[in-house]
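Read through the structure below, which is laid out as structure tokens, and then see the notes.
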Amino acid sequence: MGKYRRLGKNALLMFLGNIGSKSLSFLMLPFYTSFLSVADYGTVDLIQVYVQLLVGICTCTLTEAIFVFPKGQDFSKQQTYFTSGAVFSAATLTLTGLLFVILVFSLQAFSYEGIFTEYNFCIFLMLCATFFQTYTQQFARSIDKVSVYVISGIVLTLTTVLTSLLTLPLWGLNGYIYSIVISYFVAAVYTVIAAKEYRFFSFRRLSRVSLKEMLKYSIPMMPNSIMWWVLSTMNRPLLEHYSGIESVGILAVANKFPMLISMLYTVFTYSWQISVLEEFNKPDYKQFYNKVFRVQFLAFVLFVLGLTFLSRPLIELMTTQGYYDAWKYIAPLALAVVFSNLAGFAGTNFVATKESKYYFTTSFGGGLICAVSNFLLIPLLGTWGAVVSILVSYVLIFLLRIQVTKRYAPLWNWGLYIKVLFGVLVYIGISYFIDDIWINLLCLLPVLGLIALLNKDCIYDFVHIYKSMRRK
């Protein structure tokens with residue numbers, strides 16, 4: 001029971017530290033959409049898409065390695081990893097800046113105009129700020145500064161909100177972009193000071209051997225990073241080309257709501273990774289893994305049902321009229337996020353074994369399917385083509401990772417999961433044709449009853465663990 005209490009305590013700490021700031025960011029959506037047109041929102045989304053792709057490539061995804069390798073090491077070894085990774089990344093980002101200048105001048109020479117040439121400086125600044133914040137925050141988690149890690153996320157969100165309140169009304173789109181960049185830098189500086197990470201930086205600790213050790217782990221994750229970019233964001237440039245920048249804005253707003261599920265998983269997964277590293281080689285790990293998977297799956301399903309039920313009123317409440325079509329895409333995107341999170345959950349086994357190559361091999365198939373279906377479906381179906389491609393590819397990656405990880409922890413209760421998903425799909429289908437909220441609620445109740453009946457043993461175990469934690 002101790003491992004469940006430990007996991008629950010860590011997850012609760014992460015949740016309490018993040019829920020307020022993340023909710024605040026979500027509640028700011030009406031403010032953002034009132035000052036940003038659909039095209040402006042699509043532009044911001046595209047800039048973040050380019051940053052997501054470039055940050056992993058330009059820094060060899062060292063943000064992943066800086067969590068794994070310093071953990072549990074002595075101070076001098078932690079210094080070695082932190083310094084080596086930071087110096088290497090500073091050098092690669094400097095080189096990236098020079099390549100940016102050359103590329104932009106080359107594109108302008110051919111009279112090419114687009115978001116990359118118009119906002120190249122913003123993209124580079126956001127790239128550096130994103131890496132700096134992620135690297136320092138991941139290292140804080142590695143050296144067990146969990147409270148600093150949590151508060152850093154709060155600082156990031158609060159700074160974004162406060163600066164955007166000032167900059168967005170004054171400078172519109174550019175003001176919003178710079179508020180994001182400033183917030184990442186502020187959060188990173190806070191992390192460095194609060195976790196005293198400056199003590200871990202020393203040129204005397206530079207080590208080619210340690211850097212190679214981290215790069216050996218992180219470089220195989222670069223293709224995986226690219227694959228996840230293909231899965232989640234490659235559709236934006238294609239949508240811009242075939243359906244216009246407004247469709248990018250609609251998809252970005254629709255995706256904001258399913259990202260609540262992703263937020264909860266992100267909060268949970270950092271606690272789960274710690275538990276995996278502690279419990280992986282113990283005899284009851286398979287049972288532990290399956291119980292946690294089942295509870296997580298049920299939580300995700302309930303959120304999907306809730307978002308499906310509330311999709312129309314949420315869009316009307318949180319956005320302006322130009323964004324109203326976004327409600328149609330919330331349910332399938334939410335389901336896609338669920339499979340993405342479950343694939344990430346299965347992938348934590350690769351952290352324990354340090355077999356990072358499987359991140360790529362399992363996501364390659366999904367990325368390939370997503371790329372092909374994007375090129376085939378987006379010209380025909382527009383935004384729906386992008387949504388279908390995302391959902392199918394995440395389901396495939398989840399199945400591939402479950403297949404690989406079954407040697408560590410085979411997944412049980414397949415029949416139960418299929419029955420629950422079938423009920424969810426039926427309700428999603430019904431909700432598209434019924435606009436009345438009360439009839440929608442009447443259709444939702446039997447699905448919830450079915451889920452409760454199928455999982456009564458899991459509910460009993462959860463209540464028992466909760467009571468045990470209260471007694472402690």
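The values are calculated or read from the model by the stated rules, or taken from the named source; none is laboratory data. Because the structure is predicted, anything quoted here is derived from the model rather than measured. Quick reminder, even Gly has a Cβ in these numbers, built from the backbone with ideal geometry, and neighbours come from all protein chains shown. Ligands, DNA and RNA are excluded from the accessible area calculation, which covers all protein heavy atoms including side chains. Shrake-Rupley method; radii C 1.70, N 1.55, O 1.52, S 1.80 Å.
Pairs are defined by a Cβ separation below 9 Å, a sequence spacing of at least 6 or placement on different chains, a first member in region 434-454 that is open to solvent by 70 Å² or more (accessible area, probe 1.4 Å), and a second member that is charged (D, E, K, R); the pairs so defined are ASP435/ARG312; ILE437/ARG312; LEU450/LYS419.
Restricting attention to region 173-231, and to residues there that are under 30 Å from ILE390 (Cβ atoms) and in a loop (DSSP other than H, G, I, E, B), which single residue is most open to solvent (accessible area, probe 1.4 Å)? Going through the qualifying residues, I end up with ILE219. Applying the condition of being among the aliphatic types (A, V, I, L, M) and part of a helix (DSSP H, G or I) to region 406-427 and asking which residue is surrounded by the fewest Cβ atoms within 10 Å (Cβ to Cβ) yields ILE418.
Taking region 256-266 as the range and being over 16 Å from MET28 (Cβ atoms) and either assigned to a helix (DSSP H, G or I) or free of Cβ contacts under 8 Å to residues at least 24 places away in the same chain (or both) as the test, the residues that pass are ILE261, SER262, LEU264, TYR265, THR266.
Taken over region 135-172, the criterion of being open to solvent by less than 40 Å² (accessible area, probe 1.4 Å) and not in a helix (DSSP H, G or I) is satisfied by ILE143 alone.
Output yes when any residue across region 77-89 is among the aromatic types (Phe, Trp, Tyr), farther than 22 Å from SER210 by Cα and open to solvent by 20 Å² or more (accessible area, probe 1.4 Å), and no when none is. No, region 77-89 has no match at all. With respect to LEU53, is the statement that it is in a helix (DSSP H, G or I), aliphatic (A, V, I, L, M) and modelled with pLDDT under 85 true? Criteria met by LEU53. Could we say that SER147 is modelled with pLDDT of 85 or more and of a type outside the set (Phe, Trp, Tyr) here? No. One residue stands out in region 289-312 among those that are modelled with pLDDT of 85 or more and open to solvent by 50 Å² or more (accessible area, probe 1.4 Å): the one that is farthest from VAL38 (Cα to Cα), namely LEU302.
Just one of the listed residues (PHE124, PHE132, PHE105) is at pLDDT 90 or above, in a helix (DSSP H, G or I), open to solvent by 50 Å² or more (accessible area, probe 1.4 Å) and over 22 Å from TYR32 (Cβ atoms), namely PHE132. Of all the listed residues (MET234, MET214), the sole one being under 30 Å from PHE364 (Cα atoms) and at pLDDT below 85 is MET234.
With the condition kept exactly as written, say whether any residue in region 313-330 is of a type outside the set (Lys, Arg), within 26 Å of ASN455 (Cβ to Cβ), within 18 Å of the chain's Cα centre (by Cα) and part of a helix (DSSP H, G or I). Yes: region 313-330 contains one or more residues that are of a type outside the set (Lys, Arg), within 26 Å of ASN455 (Cβ to Cβ), within 18 Å of the chain's Cα centre (by Cα) and part of a helix (DSSP H, G or I).
Summed over region 315-333, the residues that are under 19 Å from CYS443 (Cα atoms) and either touching a Pro at 6+ places or on another chain (Cβ under 8 Å) or open to solvent by 10 Å² or more (accessible area, probe 1.4 Å) (or both) give a count of 4. Only residues that are in contact with a helix residue (DSSP H, G or I) (Cβ under 9 Å, 6 or more places away or on another chain), among the small types (Gly, Ala, Ser) and free of Cβ contacts under 8 Å to residues at least 60 places away in the same chain were counted across region 68-115, and they come to 4.
Residues that are open to solvent by less than 40 Å² (accessible area, probe 1.4 Å) and not β-branched (Val, Ile, Thr) were ranked within region 396-405; the one that is farthest from the chain's Cα centre (by Cα) is ARG401. Every listed requirement among (1) open to solvent by less than 20 Å² (accessible area, probe 1.4 Å); (2) not in a helix (DSSP H, G or I) is met by LYS71 save one, (1).
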